Amino acid sequence: MTGTTTRRKPILPTAILVLGAIYCLFPVAWLVIASTKSSGQLFGTFTLEPGTGLVSNLRQLFTLENGVYLSWVKNTMIYAFGGAALSTLISAMAGYALAKFVFPGRETFFRFLVAGVLIPAITLAIPQYFLMAKIGLADTYWSVLLPCLVSPFGIYLCRVYASAAIPDEMLEAARIDGASEWRLFWFVAIPVMVPGLVTVFLLQFVGIWNNFLLPYLMLSDPTKFPLTLGLYTLISQGNGQTTLYSALLVGVALSVLPLIAIIMFLQRFWKMDLISGGVKG
Amino acid sequence: MRRTTPYFLLAPALVLFAALFIAPLVYAVYLSLQGSRVANSNTGFGVARTVFVGLANYSSALRDGQLYAGFERLGIYALIVIPITQGLALLFALLLDSARSRMPKFTRLAIFVPYAVPGVTAGIMWGFLYLPQTSPVNYLLSYLGVHNLNLLSSHWIYAALANIVIWGSLGFNMIVLYTGLRAAPPEIYEAAVMDGCGEIRLALRVKVPLLRQTIALTMLFSLIATLQTYSEPTVLSAMTTTISSTFFPLMTVYRYGFSTGQPNEAAAMAILIAAATMIASFVALRVVRSRTERRDA
């Protein structure tokens, strides 16, 4: 738009947006400040005044139960990166098949898969737990990873993106050149689908990182917990035991800041119009 | 093109879907139709057995006072969360799109930051911001001579809970709506501006109607997410006694399934919640569709 620079900018829109920004940033700022306070300072000094307890809080956090915090960090990485990567691949294969092939049962499969969006996590998680327990998978990494691998919404987005982005002529040309269907998928379809796949990966990544209910049901061994569950166990132990609070807060800050940095960096690669309905299949 | 190719490509998704969606769903239905009943044996001792009980678990779930009260609380909470989240997200998206504000990039990113904060973490953070001993609100009020405010008391608990979720979901909804606005062809806006349409009229008369499908989508997701609210109240329940272990329906289901050892009752409740989610989604989609058709007519 060319008119924007010359047009006078009234104060109200900026003021409203800045208020929104302060509302959204304030708790994070508070968290960073609070994590520098010793437990005495946490309850004694003004909330926005930095304390002197950062080093001792970190020491307390990392020595907690033989350094279990580091296991939580490692586990979260395994669940979030592993789960998101595998589920994106599975969604890409399914989405590509549904978008670019005509075969009997296509629409039925698609409707079936997408209807999965409507089933609440808890309705699945309870029987999933009992079934996992039956085959001896409860309280293993698989019990948290496997349920994250099918993403109905991811499959839906991949189908929409594949049908919008991959021209049929491109596939036909490669087939005439004698490329196998497998090569076609990896070397023709996947490269074209990358922007859509990044979006699907990020949605899954954040979804798994945020997941609480599923690991809460599946896991009992604290060394397999992701961060969300680990931090929850700290706050529920901390009830009355306020010396844990300062270690907890530094743990929360350390778990949140890298994720904010990753999202801020990666959000420019998002194809948000995929979600808002701008890309038409 | 071989005929089997699409089936090979679909196979991982379908196999996992069958194992992790269909099988658990069928198993949940199976569990919900069973119950443990004490059968009289010849020895005179009662032995608990698992037997088919039909819809008994459903009828007891529907008469369960705690579950019912949980749905009531969830309803109040949803009436606070959904309109405020959607309203603010739309307002921010329209303001960003109007190009009438300074620092649009900074404010957009800042409002999006909470998306990166998991619900559990947000619950812990806000929990401390509410806790009278650590809250900045209480600190400031103490200078004004107000000492008895407790944001975690029953008086404030809906607002406290709603605020955590609004804070966490505002940015994502804003970005989806903003992207939807950007996707509209600029000629439409230019024509309206030439006709002397002001910025506010433009937003209400042109932009919002254009965006209705995207709004319907964010509303639907908001509704589904609200019905499944679990992390935030569970975290707060560790910090205050105001939130009981049956505060929201999902918490009651968890309690039956894992704390009190009544998996059959829990399965019936979980199926009822799934049914409620689907009905709510269909009704929401219907309402949106009929509005859209009326507008188009």
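The values are calculated or read from the model by the stated rules, or taken from the named source; none is laboratory data. The shown structure was predicted, so the numbers you read here are calculated from the model rather than taken from an experiment. Because the Cβ atoms are built from the backbone with ideal geometry, glycine has one as well, and the counts that use them run over all protein chains shown.
For the range A:144-160, how many residues are of a type in the set (A, V, I, L, M), in a helix (DSSP H, G or I), touching a residue at least 40 places away in the same chain (Cβ under 8 Å) and at the interface with another protein chain (Cβ under 9 Å from one of its Cβ atoms)?
Step one: filter the range A:144-160 for residues of a type in the set (A, V, I, L, M), giving A:144-146, A:149-150, A:155, A:157, A:160.
Cutting the leftovers down to in a helix (DSSP H, G or I) gives us A:144-146, A:149, A:155, A:157, A:160.
Filter again for touching a residue at least 40 places away in the same chain (Cβ under 8 Å), leaving A:144-145, A:149, A:155, A:157, A:160.
Within this subset, residues satisfying the condition of being at the interface with another protein chain (Cβ under 9 Å from one of its Cβ atoms) are A:149, A:155.
Of the residues in that region, 2 qualify.
Please go through the range A:231-255 and pick out each residue that is under 11 Å from residue A:61 (Cβ atoms) and either at pLDDT 90 or above or at the interface with chain B (Cβ under 8 Å from one of its Cβ atoms) (or both). Lay out the reasoning, then the answer.
Here is the first cut: in the range A:231-255, the residues under 11 Å from residue A:61 (Cβ atoms) are A:231, A:234, A:244, A:246-255.
Correct list: A:231, A:248, A:249, A:250, A:251, A:252, A:253, A:254, A:255.
Among residues belonging to the range B:131-144 that are more than 9 Å from chain A (Cβ to nearest Cβ) and assigned to a loop (DSSP other than H, G, I, E, B), point out the one that is nearest to residue B:93 (Cα to Cα).
That would be B:131.
Checking the structure you have, find out if any residue of the range A:189-202 is within 12 Å of another protein chain (Cβ to nearest Cβ), under 21 Å from residue A:265 (Cβ atoms) and touching a helix residue (DSSP H, G or I) at 6+ places or on another chain (Cβ under 8 Å).
For the range A:189-202, residues within 12 Å of another protein chain (Cβ to nearest Cβ), under 21 Å from residue A:265 (Cβ atoms) and touching a helix residue (DSSP H, G or I) at 6+ places or on another chain (Cβ under 8 Å): present.
Show me the helices (runs of 4 or more DSSP H) found entirely inside the range B:8-107 where at least 2 residues are within 8 Å of chain A (Cβ to nearest Cβ) and surrounded by 13 or more Cβ atoms within 10 Å (Cβ to Cβ).
Values: elements: B:23-32, B:56-62, B:65-97.
Passing ranges, in order: B:23-32, B:65-97.
Looking at the range B:154-178 only, could you name the residues that are of a type in the set (Ser, Thr, Tyr) and crowded, with 21+ Cβ neighbours inside 10 Å?
Result: B:169, B:178.
Against the definition (more than 7 Å from chain B (Cβ to nearest Cβ), out of contact with any Cys (no Cβ under 6 Å at 6 or more places or on another chain) and buried (at least 18 other Cβ atoms within 10 Å of the Cβ)), how does residue A:163 come out, yes or no?
Considered against the rule, which asks whether it is more than 7 Å from chain B (Cβ to nearest Cβ), out of contact with any Cys (no Cβ under 6 Å at 6 or more places or on another chain) and buried (at least 18 other Cβ atoms within 10 Å of the Cβ), residue A:163 comes out as no.
Being at the interface with chain B (Cβ under 8 Å from one of its Cβ atoms) and exposed (fewer than 15 other Cβ atoms within 10 Å of the Cβ) is the requirement here; does residue A:9 meet it? Steps first, please.
Numbers: at the interface with chain B (Cβ under 8 Å from one of its Cβ atoms): yes; exposed (fewer than 15 other Cβ atoms within 10 Å of the Cβ): yes.
Here the answer is yes, as residue A:9 does meet what is asked.
Find the residue count for the range A:175-187, including only residues that are under 18 Å from residue A:102 (Cβ atoms) and not aromatic (Phe, Trp, Tyr).
Residues of the range A:175-187 that are under 18 Å from residue A:102 (Cβ atoms), as a first pass: A:175, A:181, A:184-185.
Those still in the list that are not aromatic (Phe, Trp, Tyr) too: A:175, A:181, A:184.
Number of matching residues: 3.
In the set A:208, A:190, which member is buried (at least 22 other Cβ atoms within 10 Å of the Cβ) and either outside any helix (DSSP H, G or I) or of a type outside the set (Lys, Arg) (or both)?
Details: A:190 fails: buried (at least 22 other Cβ atoms within 10 Å of the Cβ).
Every option except A:208 fails the conditions.
Can you find even one residue in the range B:172-187 that is within 24 Å of residue A:116 (Cβ to Cβ) and β-branched (Val, Ile, Thr)?
Initially, the range B:172-187 is screened for residues within 24 Å of residue A:116 (Cβ to Cβ), giving B:172-173, B:176.
Right, trim to β-branched (Val, Ile, Thr) and you get B:176.
The answer is yes, given that some residue of the range B:172-187 is within 24 Å of residue A:116 (Cβ to Cβ) and β-branched (Val, Ile, Thr).
Based on this model, can you work out whether residue A:89 counts as at pLDDT 95 or above and surrounded by fewer than 21 Cβ atoms within 10 Å (Cβ to Cβ)? Talk me through it step by step, then tell me what you get.
Working: at pLDDT 95 or above: yes; surrounded by fewer than 21 Cβ atoms within 10 Å (Cβ to Cβ): yes.
So residue A:89 passes the test.
Could you list all residues from the range A:63-83 that are of a type outside the set (S, T, N, Q) and closer than 22 Å to residue A:198 by Cα?
Matches in the range A:63-83: A:77, A:78, A:79, A:80, A:81, A:82, A:83.
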